[in-house]
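These notes concern the structure reproduced below.
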Amino acid sequence: MSAILKAENISKQYRLGTVGTGTIGDDLKRWWYAVQGKEDPFLKVGEVNDRSSFATTDYIWALKDINFEVKPGEVLGIIGKNGAGKSTLLKLLSRVTSPTTGTIKTKGRIASLLEVGTGFHGELTGRENIFMNGAVLGMTKTEIRTKLDEIIAFSGCEKYIDTPVKRYSSGMTVRLGFAVAAHLEPEILVVDEVLAVGDAEFQKKAIGKMQDLSTGQGRTVLFVSHNMSSVRSLCTRGLLLENGETTLIGSVDEVLNVYLKSDFRRNSWSGEDGDGSMKLLKAEISSENRVEFFKNTEPIQILMKFELGENFSDIVVGVAISSSVGNPLIGLLYNDYNEYSKIEAGTYQVSFVIPPCSLATGDYEVEFNLSIPYVKKFTTEKSSLSFSISADSSFGNKFFLQNNQNFNSVLRPNWFKSLSKIN
Amino acid sequence: MNKLENNDWLYEITPKRKLIDLNFKEIWRYRDLLILFVKRDIVTVYKQTILGPLWYFIQPLFTSVIFTLVFNNIANIPTGGVPPFLFNLTGITAWNYFSQCFTGTSNTFRNNAGIFGKVYFPRAIMPLTTVISNLFKFGIQLLILVVFYLYYLWQDYSLSPNLNLLLFPVYVLMMALLGLGAGMIISAFTTKYRDLTVLVGFATSLLLYISAVPYPLSEVGNNIPSLAWVVKFNPLAQIIEGFRFMILDTGIFTWSGFLYTLIVCVILVLIGLIVFNRTEKNFIDTV
């Protein structure tokens, strides 16, 4: 099958710092070069986008020579660290801004969902806003009218549909916005992380709808998210961006593998964290000898190796697990079920095991803790690890999405006992 | 890939800019959006106000009263036999339409940065919305004008429009084009250089005085002949004078002045379109 969307050598240059009076000089220079028929002098400068190093020029390439193709019905997941260029790419695809060089060709209408509820006006009622938002996203009045009941039902805002949107709760506004977006029928849908809103039930509905769009109706979807489990469950292919350049395009498993191994999302760490009296040497999260892609049906082992420079009477050794946005979820302490006792200088190894079928799918952060209670903590964030758990599709249900916004049920244990017909 | 497939692309997103890239087909496809925006503009302005749409009447009436007191009763500017209040109301009605189109359009990019930054639709929709929704307000204000016109007729003033009234649609179009063109040029520059927003604020209120709104065009020639050209070559003054001429049959009308104004309006809109078009693609990076 031939591609429905094709990006050829697209690059996007941005100017760093404030755009202001200083730019008029550059503008004049650019204009002077154009008059003489020369190339834009500022396109030659510009660095690769690396946030951590100081820039030497004021111009930077947010995206550089991106090439990819998407075939009809494919769901392409675009992943990368913060600042890798994901949002810039989406902006280009949705024609909000144009590339500095290169072309994007498409055979279908692109509808973009960089935000839900674009164009909502507080003074208008829910119903009026459905029309407003639908039209902004490129639907015609008749299209919206035929789907109006469906949209209202999907949003779950029937009762408030004739109330001005400014009286809505933020959750309701989002639901209404997503309901409109979910009923768009473009050939290509570009979605930013809009799923990170709403309660768990609504997220499930939203993901289900997205899957329905791609598998059921054969639409092409480009999806950007930090939620690895939703990328994994929705996407068929992946595009990994790093510093504005494509690192890898391939199957979603392959791309996620590479991404999770990159240091942002690491499952193991070794070095020295602490000082002479107490330090962490190694930390690792693994599952049945693998260090990535944990399934919810497997046990997950957390291992710590630490060194004590002197004798201590009592110390805390433990792990704190939090959601990817930092809500504390679980504390695992050696001391909880073991007495404090004298512990000699030396090197130790401690391991914790999360039993299979206990945590919900999602992304987790792990921070290690070596400390003297109420006195000093020796470990810092530099040894922190993260991991994500995805659903084992061979078993029963699929989506127990851990809600990152409002912490939801994080435990999904297999405590089911029996089901029998009694009547 | 075969050749046919390569030509199949629905559209391309490229950095290249054509000089004027106004896609009427696309704007037509988004006509529902245009209608909704216009409706939104009209409906939401006076929501949660007590007087509601009455505000559309109050503003021109009060301005006309003040103008009459200041310019006609205190400064004694002659109005050519027409009741001064009516003279001012006519000028202000026309002026309001222009100035609202102008200020509305000149804020297009800044006011809509939020929505423009999230979703694509033909950007020209926004200035068009401004022009059309202000046309609605203009219609309402025209209604007051008619009411007062009839009142003065009933009071036995000798008033009559002349044949030029046939040019009425052209005058409205010229006002819209002028507001649109100048507004689009300003809007494009304000995305980068905010200075212009400050300028536009007070420049429009000053522009009123060199546009022959509170006085007839002939008065400038009589009193300050050395500076009369400023007003005479101001297309807006020509429009306002012409507008008053066809309704009140007072003032000067020349075909050369009319043509001159029409040409200026068209040129301004063309420049506006070019500048607007250059800006709309990348403004989100600089706004």
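Listed by Cβ neighbour count within 10 Å, with the fewest neighbours leading, B:TRP95, A:TRP269 appear as A:TRP269, B:TRP95. In terms of surrounding Cβ atoms within a 10 Å radius of their Cβ, A:MET172, A:MET304 rank from fewest to most as A:MET172, A:MET304. Taking max minus min of the alpha-carbon positions on each principal axis, the stretch B:211-287 gives extents of 51, 24, 19 Å, largest first.
Note on the protein assembly as shown: with charges restricted to the Cβ of Lys and Arg (+1) and Asp and Glu (-1), its dipole about the Cα centre is near 1360 debye. Size descriptors for chain B: radius of gyration and Dmax over Cα atoms are 21.3, 81 Å.
Residues of the stretch A:138-154 with amide nitrogen under 20 Å from the 7 Å Cα-to-Cβ point of B:ARG31? Output list for this probe position: A:138-146.
Taking the Cα centre of chain B as origin, sum charge times position over the Cβ atoms of Lys and Arg (+1) and Asp and Glu (-1), and report the length of that vector in debye to the nearest 20.
Dipole about the Cα centre, nearest 20: 780 debye.
Filter the chymotrypsin sites (Phe, Trp or Tyr not before Pro) in the stretch A:281-387 to those in DSSP coil with at most 16 other Cβ atoms within 10 Å of their Cβ, and list the result. For chymotrypsin sites (Phe, Trp or Tyr not before Pro) across the stretch A:281-387 that sit outside H, G, I, E and B with at most 16 neighbouring Cβ atoms in 10 Å, the list reads A:TYR340, A:TYR374.
Placing dummy labels 7 Å off each Cα toward the beta-carbon, the span from B:PHE24 to A:LYS377 is 6.7 nm.
Here the label points at A:ILE330 and A:LYS417, each 7 Å from Cα along the C-beta direction, are separated by 2.4 nm in the simple model. Placing unit charges on each Cβ (+1 for Lys and Arg, -1 for Asp and Glu) gives the stretch A:266-390 a dipole about its Cα centre, and among A:LEU359, A:MET278, A:ALA345 the Cα reaching farthest toward its positive end belongs to A:LEU359.
Once you have the Cα-Cα distance between A:THR236 and A:THR146, take 0.36 nm times their residue separation minus that, and quote the gain in nm to one decimal.
Full extension of this stretch gives 29.3 nm more.
Counting neighbouring beta carbons within 10 Å and listing from fewest to most, the residues B:PHE233, B:PHE67 come out as B:PHE233, B:PHE67. Counting Cβ atoms of other protein chains within 10 Å of each residue's Cβ and taking the mean over peptide A:128-137 gives 5.
Each of B:ASN282, B:GLN59, B:TYR157 was scored by the projection of its Cα onto the charge dipole of the stretch B:3-286, and the greatest displacement toward the positive side belongs to B:ASN282; charges sit on the C-beta of Lys, Arg, Asp and Glu.
Computed from the coordinates by the stated procedures, all read-outs in this text should not be read as laboratory data. Nothing here was measured: the structure is a model prediction, and the numbers come from that model. Cβ coordinates were reconstructed from backbone atoms using ideal geometry, including for glycine residues, and neighbour counts include every protein chain displayed.
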